[in-house]
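The structure appears right after this line, and notes come after that.
The values are calculated or read from the model by the stated rules, or taken from the named source; none is laboratory data. Since the structure is predicted, the reported quantities are computational estimates derived from the model, not experimental observations. With ideal geometry, Cβ positions are generated from the backbone for all residues, glycine too; neighbour counts draw on all protein chains shown. All accessible areas refer to the heavy atoms of the entire protein, side chains included, with ligands and DNA or RNA removed. Shrake-Rupley method; radii C 1.70, N 1.55, O 1.52, S 1.80 Å.
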Amino acid sequence: KGVWTATIQNNSAQKLDMYTYVSDQASHWGAGVGFRSDTTSAMTTCWPSTADSAISVAAFTGHEGPPYDSKREPVGALRAYSGRGPRVDGVPTIDIAAPDNPITTINRLDQRGQPWIGWASYGVFGGTSGAGPHVAAAVAMLLEVEPGLTADQVKTRLKSRAMVDAQVTPGDGWGAGKLRIDRLLFANFFADN
């Protein structure tokens, strides 16, 4: 507990960039240890999103009203806690954004293996952990329609068929834009109509 100060000295004549990250055993994605000033959300994507071959997913608010937690951002807006790119080496990380708060089944067990919430319960599944399954399902459907696609082609299709609306600023927060499964699977239909 408390406030700590770190002093870093640069003995070279050149300006150097310094990247610092801090975590503790209790904060996870909420309040806890953190920097008080001069912070940015850039370069906050986590492993495995930083892998060259990953499809990195951002989260945007999918629903509002009870039981959804939409007090922070309006529907369609990028979530404040969604990781941002680029990587430390400057390579962009986020490929696409997907909604983060679907209703899903819950079967959580406590440390003894006993039901904690209850069998056959439902709840909101948020965060990028809730957005990722949308993209995984979209990729599975795309591969059903076009089974011969390579991994690079899948990523290209996801990005080129993303939707950019007034809320989206393409780049290291949103990637190419919002996932639209209809555009991904039926791009030829939308091009003709």
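Taking region 173-193 as the range and being part of a loop (DSSP other than H, G, I, E, B) and open to solvent by less than 50 Å² (accessible area, probe 1.4 Å) as the test, the residues that pass are 173, 174, 176, 177, 179.
Mind checking whether some residue in region 72-84 is outside any loop (DSSP other than H, G, I, E, B) and either open to solvent by less than 100 Å² (accessible area, probe 1.4 Å) or at pLDDT 85 or above (or both)? Please lay out each step first, then the result.
Going residue by residue through region 72-84, those that are outside any loop (DSSP other than H, G, I, E, B) are 78.
Next, only the ones that are either open to solvent by less than 100 Å² (accessible area, probe 1.4 Å) or at pLDDT 85 or above (or both) stay: 78.
Yes.
Contact map, region 72-95: first residue under 19 Å from residue 62 (Cβ atoms) and of a type in the set (Lys, Arg), second residue modelled with pLDDT of 85 or more and surrounded by fewer than 16 Cβ atoms within 10 Å (Cβ to Cβ), Cβ cut-off under 9 Å, separation 6 or more or different chains; the map is empty.
Among the residues of region 147-171, those identified as touching a helix residue (DSSP H, G or I) at 6+ places or on another chain (Cβ under 8 Å) and of a type outside the set (Gly, Ala, Ser) are 149, 154, 157, 158, 161, 163.
Considering region 93-169, the qualifying strands (runs of 3 or more DSSP E), each wholly inside and each with 1 or more residues that are at pLDDT below 90, run over 103-106, 121-124. Looking across region 44-71, the residues that are modelled with pLDDT of 75 or more and either farther than 21 Å from residue 134 by Cα or out of contact with any strand residue (DSSP E or B) (no Cβ under 8 Å at 6 or more places or on another chain) (or both) come down to 44, 45, 46, 47, 48, 50, 51, 52, 53, 54, 64.
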